[in-house]
Amino acid sequence: MFMTEDFEITKPRHYPKILIVALSVAIFWYLEFLFFYYLVNPGELQLSLIRSFGIAGTTVIGTALFLSIIFKFYPRLAQYWRIRRYLGVTGFILIFFHVGTVLKLVNFDLAVAFPTLNPFKNPLVFGAISYVILFIIAIISSDFAMRKLTPQRWKFIQRFVYLAEIGIIFHFLLLGGAVMKNWAGYLLYFIISLAVLGQIYWWFKISRQRQFKNAGFYVGVGLLIIAVVVFYFVYQNFWK
């Protein structure tokens, strides 16, 4: 085990939890891959990889976000907060492979992937924005990074996950169609919906307790405004 005076990469007692979460996520992805390869896109290996990595990864990240809501309802369960972190990181790893397989599909030609930077005509723009945010959050998701950044700065950066969440939602909403109209897509919709509803509930409840004078209230209002504005343009350009 590699150690320095103030940093221990992973304490031995955490290895079993990491292993269990990683194995569970791997099995979950594999089941989704089989679902796409044999039922949704029969025999299409690359397409099945792209969709299974993307939808499974987003579902795992959505589960991590939903766990935060569960911990608020049942504080005693907050002792398992590391599982939420492990889910977030392993979910990002699946997203990493999703991005890699998409780039492989276009022979790593960004001009092909991004013929336009208008996110309402090219859902990959929303996905790319979210990916950058999730990448930054993933690389600082450690106790070592928190100590170096200070807990306050670390928590501030981690909260950008909500902005990434908005990007993810509009990414898969714009994709829609054959990508999402299946059981894997419906499960993703369900998990993300639970997470968003829980976040709004606790944001409002905590803000009301603090008489709507807390910084979190204004951040939440800002995120809601962004989501409503983006939804309006999505409706005007895509659904109308």
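Values quoted throughout were computed directly from the atomic coordinates according to the rules given, and no laboratory measurement underlies them. Keep in mind the model is a prediction, meaning the values are calculated, not measured. Ideal geometry is used to build each Cβ from the backbone, glycine not excepted, and the neighbour counts take in all protein chains shown.
Can you give the longest run of the chain that contains no GluC sites (Glu not before Pro) sitting in a DSSP loop with at most 16 other Cβ atoms inside 10 Å?
Values: sites that count: Glu5, Glu44.
In the chain, the maximal stretch lacking such sites is 45-240.
Normalising by the residue count of segment 120-190, find the relative contact order in percent from Cα pairs under 8 Å and 6+ residues apart. Before the final figure, lay out each step's value.
Values: 39 pairs, mean separation 32.4, N = 71.
In percent, rounded to a whole number, it is 46.
Relative contact order (percent) for the chain, with alpha-carbon contacts under 8 angstrom and 6 or more residues of separation?
Details: 207 pairs, mean separation 49.2, N = 240.
Dividing the mean separation by the residue count of the chain yields 20 percent.
To the nearest 20 debye, what charge dipole does the chain have about its Cα centre, counting +1 at the Cβ of each Lys and Arg and -1 at the Cβ of each Asp and Glu? Please list the in-between numbers first.
Details: 22 positive and 8 negative charges, 194 e Å.
Here the size comes out at about 940 debye.
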If packing is taken as the average count of other Cβ atoms within 10 Å, what order do 47-54, 19-26 fall into, highest mean first? 47-54, 19-26
Say a paramagnetic label sat at a point 7 Å from the Cα of Ile225, along Cα to Cβ; which residues of segment 144-173 have their backbone N under 20 Å from it? 159-167
What would the Debye formula give as log10 I(q)/I(0) at q = 0.12, 0.15 Å⁻¹ for the alpha-carbon point model of the chain, no solvent? -0.76, -1.17
So how much slack lies between Lys155 and Leu23, counting 0.36 nm per residue of separation and subtracting their Cα-Cα distance, in nm? 44.7 nm
Would you please give the FRET efficiency between Lys104 and Glu44, computed as 1/(1 + (r/R0)^6) with r the Cβ-Cβ distance and R0 = 22 Å, to the nearest 0.05? 0.95
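Distances longer than 16 Å among the Cα atoms of segment 185-240: what percent of all pairs is that? It would help to have the intermediate numbers written out before the result.
Details: 886 of 1540 pairs.
Value for segment 185-240: 58 percent of Cα pairs lie more than 16 Å apart.
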Residue by residue, what Karplus-based ³J(HN,Hα) values in Hz, rounded to whole numbers, does segment 93-98 have, using 6.51, -1.76 and 1.60 with θ = phi - 60° and x for Gly and Pro? 4, 5, 5, 4, 5, 4
